[in-house]
1. Got a number for residues in segment 148-171 being touching a residue at least 24 places away in the same chain (Cβ under 8 Å) and assigned to a loop (DSSP other than H, G, I, E, B)?
2. Does at least one position in segment 93-103 carry a residue that is farther than 29 Å from residue 27 by Cα and either in contact with a strand residue (DSSP E or B) (Cβ under 7 Å, 6 or more places away or on another chain) or in contact (Cβ under 8 Å) with a residue 40 or more places away in the chain (or both)?
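The values are calculated or read from the model by the stated rules, or taken from the named source; none is laboratory data. Being a predicted model, the structure only gives us computed values, none of them experimental. For neighbour counting, all protein chains shown are included, and Cβ atoms are generated from backbone atoms with ideal geometry for every residue, glycine included.
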């Protein structure tokens, strides 16, 4: 049996121990870190008090694809990426709100319900191509405007942060 990391080996051994926790630790990223989840109480950190993700890790989580018009793009654009709730679950993040922080230090606070009860995605691709910083990447918080017309308003536009680098869990 091969293990990708010492963390995976240790987690596998612990799973065999009586009374061991049922969850595996989050693997460390092997590529460039593009997203960090910060919280003092993450269940599955892969760094000190945080969970770091590279593009491959994000794209291996439960995802969504939607074709929609947005105030920031011309015409219909297809966005795809992991569901925000899948990213939070992978890190074991629990709280009441999220502070979404961009590369330029812009931030927006959103209620946790936006992640748990709405199919918000952390878009990593636009029209099938990885999103560059120039095109609002590497990550853009997208609400399901294609399936929920009630979300197409200023309240949710202001929460749709692009060039995301970090999500802080507010407890």
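1. Number satisfying all stated conditions: 7.
2. As a first pass, look at segment 93-103 and keep what is farther than 29 Å from residue 27 by Cα: none.
No: segment 93-103 contains no residue that is farther than 29 Å from residue 27 by Cα and either in contact with a strand residue (DSSP E or B) (Cβ under 7 Å, 6 or more places away or on another chain) or in contact (Cβ under 8 Å) with a residue 40 or more places away in the chain (or both).
A quick yes/no check of all residues on (1) exposed (fewer than 15 other Cβ atoms within 10 Å of the Cβ); (2) touching a strand residue (DSSP E or B) at 6+ places or on another chain (Cβ under 7 Å):
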residue: 28; (1), (2): no, no
residue: 43; (1), (2): no, no
residue: 48; (1), (2): yes, no
residue: 52; (1), (2): no, yes
residue: 65; (1), (2): yes, yes
residue: 74; (1), (2): yes, no
residue: 77; (1), (2): no, yes
residue: 81; (1), (2): no, yes
residue: 84; (1), (2): no, yes
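Here's the yes/no breakdown for (1) at pLDDT 95 or above; (2) under 22 Å from residue 127 (Cα atoms); (3) under 14 Å from the mean Cα position of the chain (by Cα):
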site	(1), (2), (3)
49	no, no, no
52	yes, no, yes
64	yes, yes, yes
73	no, yes, no
86	yes, yes, yes
